[in-house]
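See structure below.
The values are calculated or read from the model by the stated rules, or taken from the named source; none is laboratory data. Everything numeric here is computed off the predicted structure, so don't read it as measured data. Every residue, glycine as well, gets a Cβ built from its backbone with ideal geometry; the counts of neighbours run over all protein chains shown.
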Amino acid sequence: MGKASRDKRDIYYRKAKEEGWRARSAFKLLQIDEEFNIFEGVRRVVDLCAAPGSWSQVLSRKLYLPVKLDPNAKDSDLPLIVAIDLQPMAPIEGVIQVQGDITNARTAEVVIRHFDGCKADLVVCDGAPDVTGLHDMDEFVQSQLILAGLTIVTHVLKEGGKFIAKIFRGKDTSLLYCQLKLFFTEVTFAKPKSSRNSSIEAFAVCENYSPPEGFNEKDLHRLLERVGSPSGADDLDCSSGWLEGPNKVYIPFLACGDLNGYDSDRSYPLPKVADGKYQSLDPVQPPIAPPYKRALDMKKAISQGIRDMEKLNVMHDC
Ligand code: SAM
């Protein structure tokens, strides 16, 4: 798909470039905030799976820059924003970057060290594996990222804090809901308007972190296992915290973002320009080390090799 054609078919892709966001995902976080006011009172944040960085940009613009530009603010008032991803990210003002795998204990330790004994008010996680199209498999890998996110949450989030995590809706959604409900008094699954209806993606908005009494971070996995087997989860009642009984789980599900606003599944006409020729904008920040870079380099080297061989053959023919 050409850039102009994508601009037409994906309004949030076009708007992201116009507003200087590195990815259209920025709108998802902004629309979640419109509904849940997630940034209120927030001074310390962890952004898990942050590259290319549009959520970190939102955090920087919403939390860091207003303080930085306030002439009465002191350095100690500046918020702490720590962003982690497997991929390196171009710098963002006010964001500390850690390159690493969130499922690895060492990465979690580096994040915790940045907080230097203090706790975060908010942890966000937009982690996604490379989607295979096999829904069960994608949902499983995604759930491993949420689990890694929850592990970090149990170490860095303050009581009363919030956790926003991307989920893939599937047959284990109610199990995940019950597991999150063990740690948060409010859990809502939200679908921002900028997230396509055709995508199984949604976001768990978890509010008021309050781990079970006497909870030890080392017991996390054991505790989650007690919530139930995936196949049995639909029959569990997790509203009371302990998960037995006949009640079916109803998961609060909310569409968010201005309902009269742009629809991510619709095409919109391109804006009219003076000379009649629409000029598509370049992406704000192309990935600096995309995972496909090696494949592209190899393809280039092979093409160059073929050209060199052909030249040699021509020379021999002469
Ligand atoms: N929120 C980002 C933004 O607004 O720019 C977009 C995140 S993108 C949808 C998903 C990211 O998850 C990718 O950058 C990928 O590298 C990262 N990711 C996937 N698995 C990861 C892991 N195990 N550890 C750290 N990052 C991971």
Exercise. Can you find a residue in segment 116-125 that is touching a residue at least 60 places away in the same chain (Cβ under 8 Å), over 19 Å from the mean Cα position of the chain (by Cα), farther than 28 Å from Asp7 by Cα and away from the ligand (no atom under 16 Å from the Cβ)?
Worked result: yes
Exercise. Mind checking which residues of segment 1-60 are aromatic (Phe, Trp, Tyr) and either over 19 Å from the mean Cα position of the chain (by Cα) or closer than 23 Å to Val141 by Cβ (or both)?
Worked result: Trp55
Exercise. Mind checking whether some residue in segment 253-266 is in contact with a Gly (Cβ under 7 Å, 6 or more places away or on another chain) and closer than 30 Å to Asp33 by Cα?
Worked result: no
Problem set entry | Glu40 vs. criteria more than 15 Å from the ligand (Cβ to nearest atom), under 11 Å from Leu122 (Cβ atoms) and surrounded by fewer than 18 Cβ atoms within 10 Å (Cβ to Cβ) | yes
Problem set entry | Count - residues of segment 1-24 that are closer than 20 Å to Pro91 by Cα, in a helix (DSSP H, G or I) and in contact with a Phe, Trp or Tyr (Cβ under 8 Å, 6 or more places away or on another chain) | 1
For this session: Please verify whether segment 301-312 includes one or more residues that are at pLDDT 85 or above and under 25 Å from Trp21 (Cβ atoms).
Result: no
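Looking only at segment 25-37, decide whether some residue is within 16 Å of the ligand (Cβ to nearest atom), in contact (Cβ under 8 Å) with a residue 12 or more places away in the chain and in a loop (DSSP other than H, G, I, E, B).
Checking segment 25-37: at least one residue is within 16 Å of the ligand (Cβ to nearest atom), in contact (Cβ under 8 Å) with a residue 12 or more places away in the chain and in a loop (DSSP other than H, G, I, E, B).
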For this session: Mind counting the residues in segment 309-318 that are acidic (Asp, Glu) and either surrounded by fewer than 10 Cβ atoms within 10 Å (Cβ to Cβ) or touching an Asp or Glu at 6+ places or on another chain (Cβ under 9 Å) (or both)?
Result: 1
Exercise. When you go through Ala105, Ala83, Ala90 one by one, which is the residue that is farther than 22 Å from Thr151 by Cβ and more than 8 Å from the ligand (Cβ to nearest atom)?
Worked result: Ala90
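When residues of segment 131-157 are filtered for being touching a residue at least 24 places away in the same chain (Cβ under 8 Å) and either touching a helix residue (DSSP H, G or I) at 6+ places or on another chain (Cβ under 9 Å) or farther than 14 Å from Glu217 by Cβ (or both), how many remain?
Looking only at that region, the number is 17.
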Exercise. Of the numbered conditions (1) in a helix (DSSP H, G or I); (2) touching a Phe, Trp or Tyr at 6+ places or on another chain (Cβ under 7 Å), Asp47 satisfies every one except a single condition; which is it?
Worked result: (1)
Exercise. On the given criteria, is Val82 within 14 Å of the chain's Cα centre (by Cα), part of a strand (DSSP E or B) and surrounded by 18 or more Cβ atoms within 10 Å (Cβ to Cβ)?
Worked result: yes
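Quick grid of which residues meet (1) more than 16 Å from the ligand (Cβ to nearest atom); (2) surrounded by 10 or more Cβ atoms within 10 Å (Cβ to Cβ); (3) farther than 30 Å from Thr188 by Cβ:
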residue	(1), (2), (3)
Gly257	no, yes, no
Asp265	yes, yes, no
Tyr268	yes, yes, no
Lys272	yes, no, yes
Asp282	yes, no, yes
Gln285	no, yes, yes
Ala289	no, yes, yes
Met298	yes, yes, yes
